[in-house]
Amino acid sequence: MMGHLSQIKALMPEKVVTGNIGDWGRPEATVPEYAGQLDGGLLERYIGETWSHEGIDLNGNFNGWGSWSRMMGA
């Protein structure tokens, strides 16, 4: 994958390159080899689930509205 990524960046240096690189809710599951190699990553299923940050307030309680700052901090 890193070879593929290097080719993409060499052929299209002006493009933004992102990827689905891990479970952002669990830092230990993030793929360390991609650190600093991509311009961003996809937050798959980060909203809309019962456990998603947008439904949990700053105190960890479910409230239906949630917390933008909690979600962005994660």
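The values are calculated or read from the model by the stated rules, or taken from the named source; none is laboratory data. Predicted model only: the values in this text are computed from it and were never measured. Virtual Cβ from ideal backbone geometry, glycine too; neighbours counted across all protein chains shown.
See the values below:
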quantity: Hey, residue 54 assigned to a helix (DSSP H, G or I), modelled with pLDDT under 75 and exposed (fewer than 10 other Cβ atoms within 10 Å of the Cβ) or not; calculated: no
quantity: Those residues of the range 30-47 which are under 17 Å from residue 73 (Cα atoms) and either in a loop (DSSP other than H, G, I, E, B) or at pLDDT below 80 (or both), in sequence order; calculated: 30, 41, 42, 43, 44, 45, 46, 47
quantity: Residue match in the range 3-10 (condition: at pLDDT below 75 and hydrophobic (A, V, I, L, M, F, W, C)); calculated: no
